[in-house]
Amino acid sequence: MENKTFTISVYSENNVGLLNRISVIFLKRHINILSLNVSESEIENVSRFVIVVDTTEKWVKNIVGQIEKQIEVIKAFYHIDEETIFLESAIFKINSSLLFDERQIQNIIKESHSEIVTVSRDFFVISKTGRRSEIDELHAKLKPFGIMQFVRSGRISVSKEKMEITSLLEELQS
């Protein structure tokens, strides 16, 4: 089996220590987490973890099974990239003089569909939301001008097919 990128979605109660126990599941199997995002979900009082890994389907099935053994976990799913719609966000802090002195910077911002979030005397901040490759491309174009700071979010993702989590919760509550 060859490695693929998988997005794991974990629906859980919001309890202290769960993130640590989930990360240990990956640590024990020597699988690196490429991206991690935790937020509230579409269901009240239920959190959603979005975890991105590069591994085989055999390993991802095993990991999802181990995650589901955690008492606070309601359900876990895994998907390949083609089964999801996903984005990341990034912000870049750049020296302000470049915004006015380098016309090329303005063209890069426009062509990449980025936006300027704030401008001050010493720096300006660009925001970009898109695929990882689009953010990597913008980073490569801005790097020669000098990036003062850069940060990228974890992947956020929704599945193309309906996930049966809502009906599963309704069954559990009845």
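The values are calculated or read from the model by the stated rules, or taken from the named source; none is laboratory data. Note that the structure is predicted; figures quoted are calculated from it, not measured. Virtual Cβ from ideal backbone geometry, glycine too; neighbours counted across all protein chains shown. The area values use the complete protein model at the heavy-atom level, side chains included, leaving out ligands, DNA and RNA. Shrake-Rupley method; radii C 1.70, N 1.55, O 1.52, S 1.80 Å.
For the subset of the range 101-121 comprising residues that are in contact with a helix residue (DSSP H, G or I) (Cβ under 9 Å, 6 or more places away or on another chain) and farther than 26 Å from SER35 by Cβ, which member is most open to solvent (accessible area, probe 1.4 Å)? The extreme case among them is ARG121. When residues in the range 130-147 are screened for being surrounded by 14 or more Cβ atoms within 10 Å (Cβ to Cβ), more than 10 Å from SER112 (Cβ to Cβ) and of a type in the set (A, V, I, L, M), 1 of them pass.
Within the range 146-154, identify whether any single residue is among the basic types (Lys, Arg) and not in a helix (DSSP H, G or I), and answer yes or no. Yes; the residues of the range 146-154 include at least one that is among the basic types (Lys, Arg) and not in a helix (DSSP H, G or I). Looking only at residues of the range 101-121 that are within 24 Å of the chain's Cα centre (by Cα) and part of a strand (DSSP E or B), we find that the one that is farthest from MET148 (Cα to Cα) is GLU115. Quick check: anything in the range 122-129 assigned to a helix (DSSP H, G or I) and either exposed (fewer than 13 other Cβ atoms within 10 Å of the Cβ) or not assigned by TED's automatic domain parsing to the domain that holds PHE26 (or both)? Checked against the condition, which is being assigned to a helix (DSSP H, G or I) and either exposed (fewer than 13 other Cβ atoms within 10 Å of the Cβ) or not assigned by TED's automatic domain parsing to the domain that holds PHE26 (or both), the range 122-129 yields no hits at all. The set of residues from the range 122-135 being over 20 Å from the mean Cα position of the chain (by Cα) and of a type outside the set (A, V, I, L, M) comprises ASP122, PHE123, PHE124. Where strands (runs of 3 or more DSSP E) fall wholly inside the range 1-100, the ranges with 3 or more residues that are open to solvent by 10 Å² or more (accessible area, probe 1.4 Å) are 33-40, 47-55, 73-80, 84-95. Residues in the range 113-149 that are small (Gly, Ala, Ser) and under 13 Å from PHE92 (Cα atoms): SER114, SER127, ALA140, GLY146.
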